[in-house]
Amino acid sequence: MTDYNDKSNLEDSPAVATKAIKTAIANGDETRLKTLLTNEVFDELEKRHFIDLAKEQGNPAIVKLIQDTPATP
């Protein structure tokens, strides 16, 4: 089982980091999401996907967090 609180695991595996972000969005966990987004830079497609997931959850605060995360074109 992956420990999503172990930052070294997240840094070693982008897939694990993506899953952790998706889980935080689905759970509406703003605090966890803020931690996961620290020093994160998405590509535009990935960012759009996360924004869409957050909008589906109906949590404008989480949508805003993701929108404020930098992205590369």
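The values are calculated or read from the model by the stated rules, or taken from the named source; none is laboratory data. Quantities reported herein were computed from a predicted structural model and do not represent experimental measurements. Every residue, glycine as well, gets a Cβ built from its backbone with ideal geometry; the counts of neighbours run over all protein chains shown. Side chains are part of the model used for accessible areas, which takes the heavy atoms of the whole protein and leaves out ligands, DNA and RNA. Shrake-Rupley method; radii C 1.70, N 1.55, O 1.52, S 1.80 Å.
Side notes on the structure shown:
- Subset of region 44-68 [open to solvent by less than 60 Å² (accessible area, probe 1.4 Å) and touching a strand residue (DSSP E or B) at 6+ places or on another chain (Cβ under 6 Å)]: K47
- Taking the numbered list (1) modelled with pLDDT under 95; (2) open to solvent by less than 40 Å² (accessible area, probe 1.4 Å) in turn, E11 passes all entries but (2).
- Qualifying residues in region 29-43 (those that are out of contact with any strand residue (DSSP E or B) (no Cβ under 8 Å at 6 or more places or on another chain) and of a type outside the set (D, E, K, R)) - the one farthest from A17 (Cα to Cα): T31
- Pairs with Cβ under 9 Å, 6+ apart, first in region 21-41 and within 15 Å of I51 (Cα to Cα), second open to solvent by less than 20 Å² (accessible area, probe 1.4 Å) and not in a helix (DSSP H, G or I): L37/T69; E40/T69; V41/T69
- On the stretch given as region 45-73, residues that are within 16 Å of T18 (Cβ to Cβ) and free of Cβ contacts under 8 Å to residues at least 24 places away in the same chain total 5.
- Count of residues meeting criterion [under 19 Å from P14 (Cβ atoms) and open to solvent by less than 50 Å² (accessible area, probe 1.4 Å)] in region 24-43: 7
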